[in-house]
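Structure first, commentary second.
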Amino acid sequence: MTGSQLLLLAVALPLLASLVAPVAARVMGAKVGWLLASVFVPTLMLFTDVESVRSGTALEARVDWVSGIGLAFAFRADGFSLLFASIIAAVGLLIFVYAASYLGPGERHGRFFSYLLIFAGAMLGLVLADNLIALFAFWELTSISSFLLIGFWGARKASQDGALKALVITVLGGLALLVAVVLLILIGGDTRLSALDLAAIKASPLFVPLVVLLLIAAFTKSAQIPFYLWLPTAMEAPTPVSAYLHSATMVKAGIVLIAKMGFLFEVAPFSQVVLYVGLATMFWGAYLALRQNDLKALLAYSTISQLGLLTALYGAGHPFAATAHLINHAVFKAALFMAVGIIDHSAGSRDIGALSGLWRKLPFTTVLAVPAALSMAGLPPFGGFISKELFFEEMLHEGTLPTLIAVSGSIMTFAYSLRFLRVFFGRFRCENPGVHEASLPFLAPLIPLSVAVILFGLFPWDATIATWFTDLAAGSLGYEGESLYLWHGLGLGLALSVLTWFSGTALHLIRDHFVAMQTRLTPGWNANTVYYQLLAGLEHLALWLTNFTQGATFATHLRLIWGALALAGLGVASHAIFPRPGPVPLSMAIVGLLIVASVTGVLLARTRFSALIFMGLAGFGSTLVFVLLRAPDLALTQLLIEVVTVILFLSVFRFLPVLKRYSRPAPVALIDGIISLGVAFTVFVALVMVQVPLAPRIKDYFLAFSKELGGGYNVVNVILVDFRGYDTMGEITVLAIVAVTVLALIRLRFKRSQAGHEENRGER
Amino acid sequence: MAILLPLLVAVLIGAGVYLVLSRALIRLIIGLSMIAYGANLSILLAGAGTAQDAPPLLNTQGPYNDPLPQALILTAIVIGFGTTALLLVLSVRAYQATRTDHVQELVERLDPLEAPDAYADPERPSVSPEVGPDVEGTR
């Protein structure tokens with residue numbers, strides 16, 4: 001199998017498997033996760049071509065969809081894409097194994113794995129896509145599958161809220177991305193990301209809006225300030241989902257976008273914007289993480305903080321340090337989430353206040369989780385220390401303020417990492433008497449992650465895993481392959497690290513006071529209240545608009561439609577060519593007078609009877625017009641119908657309400673009058689403009705073949721009963737339905753709520 | 001003629017629009033009929049203009065008027081009658097059941113079959129306030 005076939009398979013296999021998963025789950029139950037983990041094998045097999053990718057030749061594959069508009073599933077695995085795809089695949093494989101143990105027997109396994117596979121396929125497609133439209137499609141698919149996964153336990157109110165919030169915010173970013181993608185294609189002149197004309201994009205006047213839209217997309221997806229609020233509530237998802245989507249993969253889609261489009265953000269002031277948004281998010285996430293009492297919530301805010309760190313590094317143009325931390329974060333955060341899932345499962349609680357000393361009952365989980373937590377804290381000899389040190393060094397290049405934010409954020413990170421660890425140590429406390437160590441299959445996925453955390457720290461240098469992986473992205477992100485070292489030498493970076501450890505420990509010790517101060521500082525509102533107020537406002541606006549335009553009153557609804565029609569008439573009036581008024585035959589003048597007089601009569605009528613008479617007269621007038629315009633069939637039919645209508649009116653006359661004059665308030669009457677005049681004007685203009693005979697071939701056809709094919713001299717009749725016989729049959733059907741309905745209405749006996757209405761009953 | 005006929009159609013339709021915007025059911029029905037008259041004439045005008053050739057009867061001497069718009073209008077006249085008939089009977093029924101011929105009130109009633117004075121909630125007016133009590137009835 002060639003590399004490009006493998007590339008297509010890597011994306012397609014999870015998506016195809018999502019169709020099979022429900023069936024397989026019916027047979028195997030939750031254990032189907034072990035089988036489904038194999039869908040990631042093609043992605044990992046891409047590494048057989050890794051040497052050519054490292055040397056700069058990207059793997060490419062392409063399946064045309066609509067070639068005319070440049071729509072194709074084009075994939076391109078350069079170093080960075082391959083690196084990220086392998087993270088998705090490796091963590092995904094472990095998550096599937098983990099989920100097989102996590103999900104209880106009563107859950108809907110098929111649906112769960114199906115959603116998760118859709119997500120995995122979409123995520124792989126997103127990082128590997130080279131076609132911008134495909135990239136957008138996969139981006140949206142990750143939002144939608146994330147919605148389904150967060151709302152997996154949809155019976156819970158909190159799940160619904162979390163799923164909806166995530167969808168609203170990430171789809172908002174998706175819309176921004178859609179516009180940005182369209183702009184990129186229009187300005188950059190190609191649908192392929194790798195073939196965009198960078199010079200043209202940077203020179204374009206739309207460059208600034210383009211970058212802003214891309215940033216909105218990236219910030220919403222990667223939970224940056226002010227869009228971060230969807231991530232904590234997304235923790236309502238089952239823990240495997242949180243571990244996969246909301247730590248290692250989906251939330252990094254925005255980071256991927258920033259990294260891949262880095263060439264656009266390099267320009268000042270955008271790199272500064274990205275840097276400070278990232279740093280602010282890093283600080284704020286850590287600040288809020290410190291307050292949490294739920295292990296999962298702590299990790300959620302920690303993820304926001306770490307995403308801020310990554311955003312800052314990529315945005316400020318330090319892809320080497322960013323990529324190193326990207327790998328580290330994916331590994332330790334996935335491990336920590338899995339550990340929390342195990343604690344939740346066996347201790348029945350995630351409350352930090354209610355749990356401690358768990359190492360006595362959960363020794364293996366403790367051994368596997370501690371390195372990950374220390375890596376998050378940034379302690380040697382774990383991977384997180386190395387990338388945190390790189391982070392400090394890069395921030396020192398950026399200036400004093402970034403360094404200050406970075407260090408204070410890291411101090412809080414250190415403190416909440418210690419707080420996380422507290423559940424394992426100290427006096428044993430757990431309310432669930434049945435707390436027990438997890439089974440081997442449940443624990444197994446943590447083992448490779450914890451091993452990686454240690455290996456990345458102990459052996460980071462040349463040609464070993466961490467450096468090797470980090471260098472993989474070097475070519476595509478345009479940085480020099482450097483080496484990672486555990487020992488960076490005695491420098492300011494190390495000094496800041498040491499400062500972080502001691503201050504973080506101190507902060508942990510005085511945490512209660514710190515949290516009390518946080519509580520005092522908390523204002524009555526936060527991002528969430530603003531979100532709900534905006535949402536409520538939007539609902540009110542929608543309700544008002546709907547009611548105003550089509551709900552509130554029947555007449556208003558019509559006024560809007562007819563008002564628009566009247567405006568349209570005014571709009572085209574200037575283009576109208578009015579014919580010279582020709583001589584009018586006396587007969588037509590009389591008919592015209594008749595119609596105008598009867599219309600006036602209808603408008604002024606005070607009683608039902610006179611209104612009816614004038615209406616009949618108007619109908620009679622239009623009959624005469626038909627006569628004058630040489631349409632005898634129409635005249636006959638109109639006359640007949642007029643008679644029948646009057647009979648109908650008279651037969652129900654005694655049941656009709658009297659003609660009340662519901663006086664309209666003067667302004668309303670004025671508006672209605674203006675609208676009526678406007679509509680009349682539009683009709684007039686339109687009729688003056690379109691008096692063009694139809695194409696004569698239709699007319700000639702009917703005239704020529706009426707006798708031969710239809711056997712009749714009256715062409716109108718032949719058209720109705722022969723040429724367009726089906727139309728007439730439909731019309732007869734409609735009339736039959738009307739007749740049945742009228743009969744039913746007349747015979748129907750109404751429920752009477754009050755006897756006082758008896759005298760007005762219509763039944764005979 | 002090329003000006004007069006469009007003018008007549010405009011008069012018919014404009015009056016129809018004004019009547020349909022009124023609140024009494026009967027005016028609404030009459031208004032729809034007026035619009036239908038206007039619409040039928042406008043099909044003829046738009047399709048065949050004001051040509052005054054012979055009617056499309058092959059046993060007379062040509063040239064003939066275009067038969068197609070006439071066929072279309074014939075259908076429209078009949079369907080228009082069906083609409084009017086249905087609407088008329090429906091209005092009579094609605095009036096009998098609800099004791100109102102006020103269009104907006106029919107929309108606003110919580111339960112249309114409930115008489116207005118049977119409302120339990122005095123906060124909810126059975127007649128929209130813009131109309132007020134100044135309803136003068138004549139026969």
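The values are calculated or read from the model by the stated rules, or taken from the named source; none is laboratory data. Keep in mind that what you see is a predicted model, and the values were worked out from it rather than measured. Because the Cβ atoms are built from the backbone with ideal geometry, glycine has one as well, and the counts that use them run over all protein chains shown. Accessible surface areas use protein heavy atoms only, side chains included; no ligands, DNA or RNA. Shrake-Rupley method; radii C 1.70, N 1.55, O 1.52, S 1.80 Å.
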Any residue in the stretch A:534-556 that's open to solvent by less than 50 Å² (accessible area, probe 1.4 Å): show its pairings with residues that are of a type outside the set (Phe, Trp, Tyr) and not in a helix (DSSP H, G or I) at Cβ separation under 6 Å, as long as the two are six or more apart or on different chains.
A:ALA555/B:LEU21
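Mind listing whichever residues of the stretch A:419-441 are in a helix (DSSP H, G or I) and buried (at least 21 other Cβ atoms within 10 Å of the Cβ)?
A:PHE420
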Among the residues of the stretch A:127-134, are any under 27 Å from A:ALA10 (Cα atoms), open to solvent by less than 40 Å² (accessible area, probe 1.4 Å), modelled with pLDDT under 90 and not aliphatic (A, V, I, L, M)?
yes
Every residue from the stretch A:214-253 that is under 18 Å from A:LEU117 (Cα atoms) and among the hydroxyl-bearing types (Ser, Thr, Tyr)
A:THR239, A:SER242, A:TYR244, A:SER247, A:THR249
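Conditions (1) assigned to a loop (DSSP other than H, G, I, E, B); (2) open to solvent by 60 Å² or more (accessible area, probe 1.4 Å); (3) touching a residue at least 24 places away in the same chain (Cβ under 8 Å), marked per residue:
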{"residue": "A:LEU593", "(1), (2), (3)": "no, yes, no"}
{"residue": "A:GLY621", "(1), (2), (3)": "no, no, yes"}
{"residue": "A:PHE626", "(1), (2), (3)": "no, no, no"}
{"residue": "A:VAL643", "(1), (2), (3)": "no, yes, no"}
{"residue": "A:ARG664", "(1), (2), (3)": "yes, no, no"}
{"residue": "A:ALA669", "(1), (2), (3)": "no, no, no"}
{"residue": "A:THR682", "(1), (2), (3)": "no, no, yes"}
Is it the case that A:LEU186 is under 20 Å from A:TRP139 (Cβ atoms) and open to solvent by 60 Å² or more (accessible area, probe 1.4 Å)?
yes
Which one is nearest to A:ALA89 (Cα to Cα) among residues in the stretch A:208-251 that are touching a helix residue (DSSP H, G or I) at 6+ places or on another chain (Cβ under 6 Å), part of a helix (DSSP H, G or I) and open to solvent by 10 Å² or more (accessible area, probe 1.4 Å)?
A:MET235
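Take the conditions surrounded by 24 or more Cβ atoms within 10 Å (Cβ to Cβ), of a type in the set (S, T, N, Q) and either touching a helix residue (DSSP H, G or I) at 6+ places or on another chain (Cβ under 8 Å) or modelled with pLDDT of 90 or more (or both) and apply them to A:SER408. Does it pass?
no
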Of all helices (runs of 4 or more DSSP H) fully inside the stretch A:488-591, the set with 1 or more residues that are more than 30 Å from A:PHE684 (Cα to Cα) and more than 42 Å from the chain's Cα centre (by Cα) is A:492-509
Got a number for residues in the stretch A:595-606 being out of contact with any Ser or Thr (no Cβ under 8 Å at 6 or more places or on another chain) and assigned to a helix (DSSP H, G or I)?
8
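Restricting the search to the stretch B:55-79, which residues are among the small types (Gly, Ala, Ser) and open to solvent by less than 20 Å² (accessible area, probe 1.4 Å)?
If the condition is that a residue be among the small types (Gly, Ala, Ser) and open to solvent by less than 20 Å² (accessible area, probe 1.4 Å), then B:ALA71 is the only one that fits.
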If I filter the stretch A:629-638 down to residues being surrounded by 17 or more Cβ atoms within 10 Å (Cβ to Cβ) and not charged (D, E, K, R), which single residue comes out as farthest from the other protein chains (Cβ to nearest Cβ)?
A:ALA635
By residue number, the members of the stretch A:693-722 that are more than 7 Å from chain B (Cβ to nearest Cβ) and basic (Lys, Arg) are A:ARG697
Identify the single condition in (1) modelled with pLDDT of 80 or more; (2) within 7 Å of chain B (Cβ to nearest Cβ) that A:GLY762 does not satisfy, given that it satisfies every other one.
(1)
Would you please list the contacts, defined by Cβ atoms under 9 Å and residues six or more apart or on different chains, that run from a residue in the stretch A:15-29 that is assigned to a helix (DSSP H, G or I) to a residue that is of a type in the set (Ser, Thr, Tyr) and surrounded by fewer than 18 Cβ atoms within 10 Å (Cβ to Cβ)?
A:ALA17/A:SER38
Given the options B:LEU32, B:LEU19, B:LEU12, name the one that is surrounded by fewer than 24 Cβ atoms within 10 Å (Cβ to Cβ) and either over 15 Å from A:VAL685 (Cβ atoms) or within 7 Å of chain A (Cβ to nearest Cβ) (or both).
B:LEU32
Can you name the number of the only condition in (1) closer than 26 Å to A:LEU659 by Cα; (2) out of contact with any Asp or Glu (no Cβ under 7 Å at 6 or more places or on another chain); (3) open to solvent by 20 Å² or more (accessible area, probe 1.4 Å) that A:MET615 fails?
(3)
Would you confirm whether or not the stretch A:703-720 contains a residue that is among the aromatic types (Phe, Trp, Tyr), without any contact (Cβ under 8 Å) to a residue 40 or more places away in the chain and surrounded by 17 or more Cβ atoms within 10 Å (Cβ to Cβ)?
no
Which numbered condition B:TYR95 fails, given (1) under 30 Å from A:VAL625 (Cβ atoms); (2) at pLDDT 80 or above; (3) within 9 Å of another protein chain (Cβ to nearest Cβ); (4) crowded, with 17+ Cβ neighbours inside 10 Å
(1)
Looking only at the stretch A:30-60, which residues are among the small types (Gly, Ala, Ser) and crowded, with 16+ Cβ neighbours inside 10 Å?
A:ALA30, A:GLY33, A:ALA37, A:ALA58
Picked from the stretch A:567-578 (must be closer than 16 Å to B:ILE3 by Cα and open to solvent by 50 Å² or more (accessible area, probe 1.4 Å)), the residue nearest to the other protein chains (Cβ to nearest Cβ) is A:PHE578
Of the conditions (1) in contact (Cβ under 8 Å) with a residue 60 or more places away in the chain; (2) among the small types (Gly, Ala, Ser); (3) facing chain A (nearest Cβ under 7 Å), B:ALA54 fails just one. Which one is it?
(1)
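One line per residue, one yes/no per condition, for (1) over 30 Å from A:SER81 (Cα atoms); (2) of a type in the set (A, V, I, L, M):
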residue	(1), (2)
A:ALA322	no, yes
A:VAL331	no, yes
A:ALA334	no, yes
A:PHE337	no, no
A:VAL340	no, yes
A:TRP359	yes, no
A:GLY378	no, no
